[in-house]
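Here's the structure we're looking at; comments come further down.
The values are calculated or read from the model by the stated rules, or taken from the named source; none is laboratory data. These numbers come from a predicted model, not from an experiment. Because the Cβ atoms are built from the backbone with ideal geometry, glycine has one as well, and the counts that use them run over all protein chains shown.
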Amino acid sequence: MRLHAVRRYDILDTPPDGAFDRITALAARIFNVPIAIVSIVDTDRIWFKSHFGIEGTEVSREPGLCASAILQNCPYIIEDAAHDARTLTNPLVVGELGFRFYVAIPLTTSDGFNLGTLCVIDRKPRNLNDGEITNLQNLASLVIDQLELRLNSIRALVKLNNAKCSAENASLAKSDIISNLSHELGSPLNSMLGFAQLLQSDDSSLTTSQLFNINQIIQAGWHQKKID
C-alpha cells in the first residue's frame, strides 16, 4: 500500500525542482549541516528528489537510514551514529561517508503513508533541541505541500485532457446526428419524387391538369435536392 502511494504521486526519477531544492538548502542553512535530502523510499532504493551537499541521486535501500526512518511516524534522531546501536555497523556510518548525525522527518501523506523523508546529516555528532525538531517538521510539511500541489496539478491536467476528448467526441457525435438528420430529411423528398415520376410514367390515365401538377412537383423536388 505504501508503494502504491509512492506510485500515485508519480515523483520518482523526475527532474530537479527548484521548490524542493530551496527547502533542502534552507534546511542545511538553518541546522548548519553540510547535507540535506528529500528522499523517496522505493522498493530497492532510496531516491533523492533533492539533495544538498552530496553527489548522486540515489542509494541502495539496504544500508539507507531513510528506509528505517519511514517505519515510524515520529522524528528519527541519531545524534551520534558511532555510539547508536541502530547504526554501529551501517556502511554509511563506518564507511567513507562517515555520517555521525542524522535526523529525518517522515513525509506522511494525508492518508497516512510515509513516502520518504526530509533529513539533515552531519559528519560530526550533534545535539538537537525541541525547537529544531519543530523547524524540521515544518520544512517537511512544506515538502508534502509541494508533493500535493504537484499531484493536484497532474490530476487537473488529466481532467482537462479528458474534458477535451469528451468535447471532441461530442462534436463528432453532433456531426453524425446532423448528417443522419439531413439524410432522414432527404428521404421523404426522394420518396415523393419517385412516386411522382411513377405517376408521370403512366400519363395515359392522367388529365392535363394532373400531369401539369406532377411535373411541377418533380421540378420543385429536383430543385430542392440541388439546394441541399
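Within region 90-125, how many residues are of a type in the set (Lys, Arg) and either crowded, with 24+ Cβ neighbours inside 10 Å or touching a residue at least 60 places away in the same chain (Cβ under 8 Å) (or both)?
Total satisfying the criteria: 1.
When you check residue 36 against the structure, is it in the same structural domain as residue 144 (by TED's automatic domain parsing), surrounded by fewer than 21 Cβ atoms within 10 Å (Cβ to Cβ) and closer than 17 Å to residue 105 by Cβ, yes or no?
Spelling it out, it is not the case that residue 36 is in the same structural domain as residue 144 (by TED's automatic domain parsing), surrounded by fewer than 21 Cβ atoms within 10 Å (Cβ to Cβ) and closer than 17 Å to residue 105 by Cβ.
Within region 32-52, can you find the residues that are hydrophobic (A, V, I, L, M, F, W, C) and either touching a Lys or Arg at 6+ places or on another chain (Cβ under 7 Å) or assigned to a strand (DSSP E or B) (or both)?
35, 36, 37, 38, 40, 41, 46, 47, 48, 52, listed by residue number.
With the requirement that a residue be assigned to a loop (DSSP other than H, G, I, E, B) and either in contact with a strand residue (DSSP E or B) (Cβ under 8 Å, 6 or more places away or on another chain) or at pLDDT 95 or above (or both), what does region 56-70 give you?
Scanning region 56-70 gives 56, 57, 61, 64, 70.
Among the candidates 65, 149, 128, which residue alone is surrounded by 18 or more Cβ atoms within 10 Å (Cβ to Cβ) and assigned by TED's automatic domain parsing to the domain that holds residue 22?
65 is the lone residue from the list that is surrounded by 18 or more Cβ atoms within 10 Å (Cβ to Cβ) and assigned by TED's automatic domain parsing to the domain that holds residue 22.
Taking region 1-13 as the search range and keeping residues that are closer than 15 Å to residue 148 by Cβ and assigned to a loop (DSSP other than H, G, I, E, B), which one is modelled with the highest pLDDT?
11
Which one of 142, 128 is closer than 23 Å to residue 106 by Cβ, modelled with pLDDT of 65 or more and not in a helix (DSSP H, G or I)?
128
The rows are residues; the columns are (1) assigned to a helix (DSSP H, G or I); (2) small (Gly, Ala, Ser).
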position: 25; (1), (2): yes, yes
position: 30; (1), (2): yes, no
position: 54; (1), (2): no, no
position: 72; (1), (2): no, no
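Of all residues in region 3-44, how many are in contact (Cβ under 8 Å) with a residue 40 or more places away in the chain and at positive phi?
Residues that pass the stated criteria total 1.
Determine, yes or no, whether residue 30 is of a type in the set (A, V, I, L, M) and at pLDDT 95 or above.
no
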